[in-house]
Amino acid sequence: MGSRYKDQPGASARFLATAARTVLLLVAALTIGACGQDSGRATPPAFPGEVSGQLEITYPLDETLFPPDIVAPTIVWNEGTEAAQAWQVLMRFDGSDEILRFPAAETSWRPSEEDWGDIKRRSTAHDAELAVVGLSPEGDAVSSASIRIRTSTDPVEDSIFYREVPLPFIEAVQDPSRIRWRYGSVDSVEQPPVVLEDLPVCGNCHSFSGDGGVLGLDVDYGNDKGGYAILPVSEQMELNDEKIITWSDYKKDDDEATFGLLSQVSPDGRYVISTVKDRAVFVATPGIEFSQLFFPIKGILVVYDTVTGDYTALPGADDPAYVQSNPTWSPDGKSIVFARTEVYQKDSIADASSILLNENDVPEFIEDKEPFKFDLYRVPFNDGRGGKAEPIAGASHNGMSNFFAKFSPDGKWIVFTKAENYMLLMPDSELYIVPAKGGEARRLRANTSRMNSWHSFSSNGRWLVFSSKANTPYTQLFLTHIDEQGNSTPPVVLDRFTGTYGAANIPEFVPLPADAIAQIKEQFLDAYSFLRAGMANERTGNYPAAVKAYERGLEVEPENVELLNSMGFALFQQGKSQEAVVALEKALKVDPKHWKAHNNMALASVDLGEFELAEAHYRESLAIEPQPAIYNDLGFVLERQGLPFEATDMYRKALELDPESAAAHFNLASSLARGGEFAAAEPHFRAVLEKGPNSQAYTGLGIVLWQQERADEAVASMRAAIELDPDNATAHDQLGKMLLQQGKLEEARKELAQAKALNPNLGDVK
């Protein structure tokens, strides 16, 4: 069978002899039967116990239990001695003298499917002992290690639906089309096929009904973050308007934005429960090992009835004083388990319009790691009437954060995630199991060293799939066996499920064959969906991705003025002003009164040096929609055309509309100073500084103070400018000249030299 050879019965004496001396090249050439005969060759390496060494088998772990329907794993080891140049993998089985041998030239080995099938068959009834022996170039056995493995009689049977996300997560936020969904079974030799991709709007958590007949999926829909798709499962599925609801329809009249977080389809497929009226902390980090912090700080549970179309808050999980999130259904659909904690109260965010809060909104969670812990509660469903929520003993009030509960199919157990703080993606998260009625929580043996979460039971209740970062910064999927007593086994990695593309997460067992879902085709996106996707990219500075989204939107609606205008702006931001003009001309042809397109055309014209054209477009924009920023920009264009008095008038008009505009104050101050109105310029420079330290404003203020013969104040202002920005060449130049006039020659020369070093056109004294 492939590269394997084996000892025949009766060869145990030679098998247990002292370490072999076999020429390395001959080891790889040995064939079936060779080891069981006296061929004149050296004795093969002995089974560990007779060979000392520092070799360590890193995968699988000792006592790993494999499902009978899984493909061949890769055996991996670390070699602790430089003497080993090749290896043999040995296997023997309880109750048999037969020894299987496999050569390996690397520190890993994957059996052929034929050999793996044989190994699984032999290890179902009995443990198999797996050993790795390191060989020197002369054939000496110099290192070794062994473990025991077994094959379960319990198959997985179900397929797995999961999401694949590029890291760092900010890349997925900027370009959601890179997120993929895959579907396949553990016996898949290749990575499971992609069934949904190229979705330019955010798609998130998914869930299935108990029989796998209904799929629920979070999707952004139009201008609504609360969109949610509910689809009957089939080989070819269409994600269209008719299949999308919005959680925003719950008490829509209060105008409170919502996501609809962590939604879950009921076992019978009739209901969906979700967190609404929510708010969450979200921080995307640049690294890939820990690429985001996300957890809700506000929210109640609401149920959607697919039969009646009604949205109903669930009594017992609808108290606005608490965060109620991360719900899961009991297998019989009679109760809900959810994560709960007190709502986070902070005056500065009470009226914030954004659903997602960032590091600037809540630095205490980012910098100080302020505690925010969840407990698991159970509430009866009662056909939507709810009831009293009760904490689950063993998964609440334990000094940790408890979340992401999942019932075993028989309703006997709950597996949940526990971490020191927060929710969902914590590096220290571990899986625990507790009786569904509450009791002692036990840590699963399957836990790896880093991040264990996003788990799901197989429909037979014997296997749990979960995500972990044990081996790589990209999450991989793992399996563990759960027996009747709730005991788990060491983790089995589904290495074929994770490709080079990204992280595998949110795995869910689906009791359907691997060919039950072939494609989920998007059929709901309109031009506005692509506009929204592009604008999301703009907010993160990813203008190429924004242009890509706008292009796709224009394929749907070629004369959409908002897309054309946004396309022009995104091209301008990339320095492609000529291309921007083409898009903006199209926008203005569709709508000559689109003031934003006029404004963006002016910006592009300035970049191209066409100041008269820019002026015309700014004036058109102002005639339609007077904006202080546009008056300010028009002033700049007028100055460039040698019209300082007209420019000053524009800056004054900008301040009339927005007296707090720092930009208008600065430009007006600069314009007045250039016109010799130093005393008039001073208060405007000071108005800029009242809003915060600004090196350029200190520089301008220093100049006008000097001109008013207030030398000490002027020097102090220049020093403040340099302290804020040591590379401010103008400030160094002006300070040097001031000091020179004060007779401070040595210091003056230093400042002037620094100015010339930063800008060769400065630093000279005439």
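The values are calculated or read from the model by the stated rules, or taken from the named source; none is laboratory data. Given the structure is predicted, the values throughout are model-derived calculations rather than measurements. Don't worry about glycine lacking a Cβ; one is built from the backbone with ideal geometry, like all the others, and counts go over all protein chains shown.
Before moving on, here are some points about what is shown:
Residues checked against (1) under 28 Å from SER717 (Cβ atoms); (2) aromatic (Phe, Trp, Tyr):
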{"site": "LYS589", "(1), (2)": "no, no"}
{"site": "LEU603", "(1), (2)": "no, no"}
{"site": "LEU613", "(1), (2)": "no, no"}
{"site": "PRO659", "(1), (2)": "yes, no"}
{"site": "ALA662", "(1), (2)": "yes, no"}
{"site": "ALA673", "(1), (2)": "yes, no"}
{"site": "PHE685", "(1), (2)": "yes, yes"}
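- Qualifying position, being farther than 22 Å from THR58 by Cβ and assigned by TED's automatic domain parsing to the domain that holds GLU164, among SER488, SER458: SER458
- Of note, PRO693 satisfies the criterion of being at pLDDT 90 or above, surrounded by fewer than 16 Cβ atoms within 10 Å (Cβ to Cβ) and of a type outside the set (Ser, Thr, Tyr).
- Condition check for THR328: of a type in the set (Ser, Thr, Tyr), at pLDDT 95 or above and closer than 27 Å to MET426 by Cβ: yes
- The range 632-673 - residue that is at pLDDT 90 or above and basic (Lys, Arg) and, of those, farthest from HIS617 (Cα to Cα): ARG652
- Of residues in the range 139-150 being among the polar types (S, T, N, Q) and crowded, with 20+ Cβ neighbours inside 10 Å, the one nearest to PRO490 (Cα to Cα): SER144
- Odd one out for GLU559, checked against (1) surrounded by 24 or more Cβ atoms within 10 Å (Cβ to Cβ); (2) in a loop (DSSP other than H, G, I, E, B): (1)
- Of the strands (runs of 3 or more DSSP E) lying entirely inside the range 443-523, those containing at least 2 residues that are buried (at least 22 other Cβ atoms within 10 Å of the Cβ) span 452-457, 463-468, 476-481, 503-510.
- Residue satisfying all of: in the range 716-764; among the acidic types (Asp, Glu) and in contact (Cβ under 8 Å) with a residue 24 or more places away in the chain; nearest to GLN696 (Cα to Cα) among these: ASP725
- Qualifying residue in the range 346-368 (condition: of a type outside the set (S, T, N, Q), without any contact (Cβ under 8 Å) to a residue 60 or more places away in the chain, farther than 21 Å from GLN292 by Cα and part of a strand (DSSP E or B)): no
- Residue in the range 203-221 that is farther than 30 Å from TRP463 by Cα, surrounded by fewer than 23 Cβ atoms within 10 Å (Cβ to Cβ) and without any contact (Cβ under 8 Å) to a residue 60 or more places away in the chain present: no
- Listed conditions (1) without any contact (Cβ under 8 Å) to a residue 60 or more places away in the chain; (2) under 17 Å from LEU65 (Cβ atoms) are all met by LEU531, apart from (2).
- One residue alone among LEU724, LEU739, LEU745 is hydrophobic (A, V, I, L, M, F, W, C) and over 21 Å from VAL765 (Cα atoms), and that residue is LEU724.
- Of all residues in the range 473-498, those satisfying the criterion of being at pLDDT 95 or above and in contact with an Asp or Glu (Cβ under 8 Å, 6 or more places away or on another chain) are HIS481, THR489, PRO490.
- Residues that are buried (at least 19 other Cβ atoms within 10 Å of the Cβ) and closer than 20 Å to VAL283 by Cβ within the range 362-384 comprise VAL362, PHE365, PHE372, LYS373, PHE374, listed in sequence order.
- Qualifying position, being under 23 Å from PHE478 (Cα atoms) and outside the structural domain of THR58 (by TED's automatic domain parsing), among THR448, THR341: THR448
- Residue match in the range 156-170 (condition: in the same structural domain as ALA514 (by TED's automatic domain parsing), farther than 17 Å from HIS481 by Cβ and assigned to a helix (DSSP H, G or I)): yes
- Top-ranked residue in the range 264-291 [being buried (at least 20 other Cβ atoms within 10 Å of the Cβ) and of a type in the set (S, T, N, Q); ranked as nearest to GLY210 (Cα to Cα)]: SER266
- Residues (among the hydroxyl-bearing types (Ser, Thr, Tyr) and in a strand (DSSP E or B)) located in the range 240-255: THR246
- Pairs where the first residue, in the range 565-583, is within 11 Å of SER605 (Cα to Cα) and the second is in a helix (DSSP H, G or I) and aliphatic (A, V, I, L, M), C-beta under 7 Å, 6+ apart: PHE572/ALA580; PHE572/LEU603; PHE572/ALA604; SER577/ALA604; ALA580/LEU571; ALA580/ALA604; VAL581/MET601; VAL581/ALA604
- No other residue among THR328, THR258 is buried (at least 17 other Cβ atoms within 10 Å of the Cβ), assigned to a loop (DSSP other than H, G, I, E, B), touching a strand residue (DSSP E or B) at 6+ places or on another chain (Cβ under 9 Å) and in the same structural domain as ALA518 (by TED's automatic domain parsing) apart from THR258.
- Residue in the range 635-652 that is nearest to VAL704 (Cα to Cα), counting only those that are in contact (Cβ under 8 Å) with a residue 24 or more places away in the chain and within 49 Å of the chain's Cα centre (by Cα): THR648
- Applying the condition of being modelled with pLDDT of 95 or more and acidic (Asp, Glu) to the range 267-309 and asking which residue is nearest to ASP347 (Cα to Cα) yields ASP305.
- Some residue of the range 294-307 being within 19 Å of GLY386 (Cβ to Cβ) and not in a strand (DSSP E or B): yes
- When VAL71, VAL133 are checked against the criterion of being in a loop (DSSP other than H, G, I, E, B) and crowded, with 16+ Cβ neighbours inside 10 Å, a single residue qualifies: VAL71.
- Within the range 292-302, the only residue that satisfies the criterion of being crowded, with 23+ Cβ neighbours inside 10 Å and either more than 19 Å from MET423 (Cα to Cα) or in contact with a helix residue (DSSP H, G or I) (Cβ under 6 Å, 6 or more places away or on another chain) (or both) is VAL302.
- Options THR81, THR64; residue that is polar (S, T, N, Q) and at pLDDT 95 or above: THR64
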